[in-house]
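Enquirer: Quick one: the structure is below, and I'll ask about it shortly.
The values are calculated or read from the model by the stated rules, or taken from the named source; none is laboratory data. Model, not experiment: these values are computed from the prediction. When we count neighbours, we look across all protein chains shown, and the Cβ atoms used for this are built from the backbone with ideal geometry, even at glycine. Heavy atoms of the whole protein, side chains included, go into the accessibility calculation; ligands, DNA and RNA do not. Shrake-Rupley method; radii C 1.70, N 1.55, O 1.52, S 1.80 Å.
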Amino acid sequence: MSSVQQTILAGEQLLHFARMRADDLDEVLAIEETVYSHPWSRGNFLDSLYNGYETWVVRDAKHVLVGYFLMMMAIDEAHLLNISVKAQLQGRGIGRRLLDKVSTLASELGMHSLLLEVRPSNVRALAIYKQYGFSQIGIRKNYYPAAENQREDAIVMRLAL
């Protein structure tokens, strides 16, 4: 499953996974800037690409980029750094397919668990992660930038693989 390309079905929709490339970044950033109040920069994505992280995009049958994820390996634990689905396509099972790819890939790479942080205000993502089997293991105080120069905590979640 960790091959360069893979095609799967999400509901009625055919999805094509491929490794993220620098050429994908304009499309990735268009999604990133739409779905996050404090999006990653092009530099953040380039750093992940150049540092050899697991960086993947998913495209629909018309070759439109609909989502992506970035994951870093650390000894025996994978850290999901970013996972996103195009705003107008959320709620259609694409995020679940992305999580399937993340967890399968991490397992194939010998990881024993998957770690992530999520904003408490991101209720939809929290529900998806809990439904997927992630458990809360901690809180990182003032982790995320928030509106009006404030900070928001991060809920730290873990999934045993």
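Enquirer: Among the numbered criteria (1) at pLDDT 95 or above; (2) farther than 24 Å from GLU33 by Cα, which single criterion is violated by MET71?
Expert: Unmet for MET71, out of (1) at pLDDT 95 or above; (2) farther than 24 Å from GLU33 by Cα: (2).
Enquirer: (1) free of Cβ contacts under 8 Å to residues at least 24 places away in the same chain; (2) touching a helix residue (DSSP H, G or I) at 6+ places or on another chain (Cβ under 9 Å); (3) open to solvent by less than 60 Å² (accessible area, probe 1.4 Å); (4) not polar (S, T, N, Q): which one isn't true of LEU65, the others all being true?
Expert: Unmet condition: (1).
Enquirer: Just to be sure, is GLY93 more than 26 Å from GLY52 (Cα to Cα) and modelled with pLDDT of 95 or more? If you could, list the steps in order and put the result at the bottom.
Expert: Numbers: more than 26 Å from GLY52 (Cα to Cα): yes; modelled with pLDDT of 95 or more: no.
In short, no.
Enquirer: I've got another one for you. Please tell me if LEU25 is surrounded by 15 or more Cβ atoms within 10 Å (Cβ to Cβ) and farther than 17 Å from VAL102 by Cβ. Working first, answer last.
Expert: On the way: surrounded by 15 or more Cβ atoms within 10 Å (Cβ to Cβ): yes; farther than 17 Å from VAL102 by Cβ: yes.
Spelling it out, LEU25 is indeed surrounded by 15 or more Cβ atoms within 10 Å (Cβ to Cβ) and farther than 17 Å from VAL102 by Cβ.
Enquirer: Can you tell which of LEU114, LEU99 is at pLDDT 95 or above, within 15 Å of the chain's Cα centre (by Cα), outside any strand (DSSP E or B) and under 20 Å from ALA74 (Cα atoms)? Break it down stepwise before answering.
Expert: On the way: LEU114 fails: outside any strand (DSSP E or B).
Residue meeting the stated conditions: LEU99.
Enquirer: Among the candidates TYR144, TYR132, which residue alone is modelled with pLDDT under 95 and out of contact with any Pro (no Cβ under 7 Å at 6 or more places or on another chain)? Give the steps one after another, and end with the answer.
Expert: On the way: TYR132 fails: modelled with pLDDT under 95.
Only one candidate passes the filter, namely TYR144.
Enquirer: Would you tally the residues in the stretch 133-161 being farther than 16 Å from ALA78 by Cα, within 17 Å of the chain's Cα centre (by Cα) and either open to solvent by 90 Å² or more (accessible area, probe 1.4 Å) or of a type outside the set (A, V, I, L, M, F, W, C) (or both)?
Expert: So the answer is 1.
Enquirer: Okay, next question. Just name the residue that is nearest to GLU152 (Cα to Cα) out of those in the stretch 23-64 that are among the β-branched types (Val, Ile, Thr) and touching a Ser or Thr at 6+ places or on another chain (Cβ under 7 Å).
Expert: Narrowing the stretch 23-64 to residues among the β-branched types (Val, Ile, Thr): 28, 31, 34-35, 55, 57-58, 64.
Those left that are additionally touching a Ser or Thr at 6+ places or on another chain (Cβ under 7 Å): 31, 35, 55.
Working: ILE31: 22, VAL35: 17, THR55: 26 Å.
Per the stated criteria, the residue is VAL35.
Enquirer: Identify all residues within the stretch 32-65 that are over 12 Å from the mean Cα position of the chain (by Cα) and part of a strand (DSSP E or B); write none if there are none.
Expert: ARG59, ASP60, LEU65
Enquirer: In the stretch 81-132, which residues are in contact (Cβ under 8 Å) with a residue 40 or more places away in the chain, in contact with a Gly (Cβ under 8 Å, 6 or more places away or on another chain) and open to solvent by less than 40 Å² (accessible area, probe 1.4 Å)?
Expert: Answer for the stretch 81-132, where residues must be in contact (Cβ under 8 Å) with a residue 40 or more places away in the chain, in contact with a Gly (Cβ under 8 Å, 6 or more places away or on another chain) and open to solvent by less than 40 Å² (accessible area, probe 1.4 Å): SER84, VAL85, GLY93, ILE94, LEU98.
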